[in-house]
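Let me begin by handing over the structure; questions about it come next.
The values are calculated or read from the model by the stated rules, or taken from the named source; none is laboratory data. Note that the structure is predicted; figures quoted are calculated from it, not measured. Here Cβ is always computed from backbone atoms with ideal geometry, including for glycine, and neighbour counts include all displayed protein chains.
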Amino acid sequence: MDIRDLKYFCLTAELEHVSKAAEILGIAQPYLTKIIGQLEDEFGTQLFDKVGRKIKLNGNGEVFYRNAKKVLAEVDNLFTEMDFVQEQNLRTISLLCNTEAHAHGMIVEFQKKNANYSLKLAYATKKEMLEALITGAADFVLCDPAIDEDISKNIVTEVVFHDTACVIFPPGHPMLKRKSIKFEELQGERLVTASKGGAMRNHVDYVFEKYSVRPKIVCETHDVNLIIQAVLSGLGYAFISYSVLAKYPELSIYCIDIDSNDRFGNMGLSYNKLSVENRNMDDFLSFSRDYFKKLQEKITVNPTL
């Protein structure tokens, strides 16, 4: 048994599928089956049970998996510490998110304070982020709504930011004469919105289904600036968070509040608890907590809305 075997085993356990694991690992399925069989022979016990076309860890497998993940985390930490003492600069943090509003500013600030780090950012759906955390494909995920903690899979979530949405209308729109609006009153209005999978879009889809509103979508994009320009040009209305509005205070005259508790949202930072003792992971986690704490302090709901 070697470290490679433990990695192969853990990924197979997480995907619950030998063929999928072999494809991701870039190896033949029979070879992966052989590796797992050798582990079972070495410990004298079956580690998986067959459930239809999938496999699932049995009781012995669960014990083996938990301890294998700890070993892999310690090995990763060993390499990180050796890089640190040798002053090597190749330190990489991978982050997945479903919000465009804060990710770029976060990256800029992190790189200013940590020039010796490389921060890899990619957008993903909530399902993709959860799978990446479990398999180790991502170090951290920034998700709105926050991903639920799952101690059995070592997934920890910290709610790092609370935000509130309002509605921005084109100049001259009749709704701007009001102080607030209900979601139901947006029926039939043209909507400019984020693309599917994004944080704001997830929330929009949820509330419209809850309030039986059929949105009339005329434009979809992850670009916040493009959404704002589309609204100001008269294409339709959009939802915007107060944290974004704080960057463009001149837009407040085109915004009105939403009369519903569903205007609130929570952003969570999730990670695998076995990785947090790693120096790189701990540095980024500390930075993130501080970054969002300061950002939260800056955000106050505009009393004129």
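Could you tell me which numbered condition ASP257 fails, if it satisfies all but one of (1) of a type in the set (D, E, K, R); (2) modelled with pLDDT of 90 or more; (3) surrounded by fewer than 16 Cβ atoms within 10 Å (Cβ to Cβ); (4) touching a helix residue (DSSP H, G or I) at 6+ places or on another chain (Cβ under 9 Å)?
Going through the list (1) of a type in the set (D, E, K, R); (2) modelled with pLDDT of 90 or more; (3) surrounded by fewer than 16 Cβ atoms within 10 Å (Cβ to Cβ); (4) touching a helix residue (DSSP H, G or I) at 6+ places or on another chain (Cβ under 9 Å), ASP257 breaks only (3).
Can you name every residue in the range 165-210 that is part of a strand (DSSP E or B) and either touching a Leu at 6+ places or on another chain (Cβ under 6 Å) or farther than 18 Å from ASN98 by Cβ (or both)?
CYS166, VAL167, ILE168, SER180, ILE181, ARG190, LEU191, VAL192
Given the criterion among the basic types (Lys, Arg), surrounded by fewer than 16 Cβ atoms within 10 Å (Cβ to Cβ) and in contact (Cβ under 8 Å) with a residue 12 or more places away in the chain, identify the matching residue among LYS70, LYS20, LYS34.
Just one listed residue meets the conditions, LYS70.
Let me ask you something else. Of the residues that sit in the range 211-232 and are farther than 24 Å from GLU184 by Cα and in a loop (DSSP other than H, G, I, E, B), which one is modelled with the highest pLDDT?
ASP223
Mind listing whichever residues of the range 44-62 are over 14 Å from THR12 (Cβ atoms) and surrounded by 14 or more Cβ atoms within 10 Å (Cβ to Cβ)?
THR45, ASN60
What are the residues in the range 266-284 that are surrounded by fewer than 20 Cβ atoms within 10 Å (Cβ to Cβ), within 19 Å of the chain's Cα centre (by Cα) and either outside any helix (DSSP H, G or I) or at pLDDT 90 or above (or both), if any?
ASN266, GLY268, LYS273, VAL276
Would you mind telling me which numbered condition in (1) at pLDDT below 90; (2) among the charged types (D, E, K, R); (3) crowded, with 20+ Cβ neighbours inside 10 Å ARG263 fails?
If we test ARG263 against (1) at pLDDT below 90; (2) among the charged types (D, E, K, R); (3) crowded, with 20+ Cβ neighbours inside 10 Å, just (1) comes out false.
Tell me which of these GLY236 doesn't satisfy, since it passes every other one: (1) under 18 Å from ARG178 (Cα atoms); (2) out of contact with any Lys or Arg (no Cβ under 8 Å at 6 or more places or on another chain).
Failing condition for GLY236: (2).
Return yes when GLY59 is at pLDDT 80 or above and more than 30 Å from ASN266 (Cβ to Cβ) and no when it is not.
Criteria met by GLY59.
Tell me which residues, restricted to the range 1-36, are more than 16 Å from ALA68 (Cβ to Cβ) and over 25 Å from the mean Cα position of the chain (by Cα).
VAL18, SER19, ALA22, GLY26, ILE27, ALA28, GLN29, PRO30, TYR31, THR33, LYS34
Determine which member of the set PHE48, PHE43 is at pLDDT 90 or above and within 20 Å of THR135 (Cβ to Cβ).
None of the other options fit; the residue is PHE48.
Can you tell me which residue in the range 242-265 is nearest to the chain's Cα centre (by Cα), limited to those that are assigned to a helix (DSSP H, G or I) and small (Gly, Ala, Ser)?
Across the range 242-265, the extreme among qualifying residues is SER243.
With the requirement that a residue be more than 30 Å from the chain's Cα centre (by Cα) and free of Cβ contacts under 8 Å to residues at least 60 places away in the same chain, what does the range 173-186 give you?
Answer for the range 173-186, where residues must be more than 30 Å from the chain's Cα centre (by Cα) and free of Cβ contacts under 8 Å to residues at least 60 places away in the same chain: PRO174, LYS177, GLU185.
What is the one condition in (1) of a type outside the set (Val, Ile, Thr); (2) surrounded by 17 or more Cβ atoms within 10 Å (Cβ to Cβ); (3) closer than 28 Å to PRO249 by Cβ; (4) at pLDDT 90 or above that ARG178 does not satisfy?
(2)
Considering only residues that are farther than 17 Å from MET281 by Cα and within 18 Å of the chain's Cα centre (by Cα), look in the range 83-102 and name the one that is modelled with the highest pLDDT.
ASN98
Given the criterion modelled with pLDDT of 95 or more and crowded, with 16+ Cβ neighbours inside 10 Å, identify the matching residue among PHE161, PHE169. It would help to see each step written out before you state the result.
Working: PHE161 fails: modelled with pLDDT of 95 or more.
Selected residue: PHE169, the only one of PHE161, PHE169 that is modelled with pLDDT of 95 or more and crowded, with 16+ Cβ neighbours inside 10 Å.
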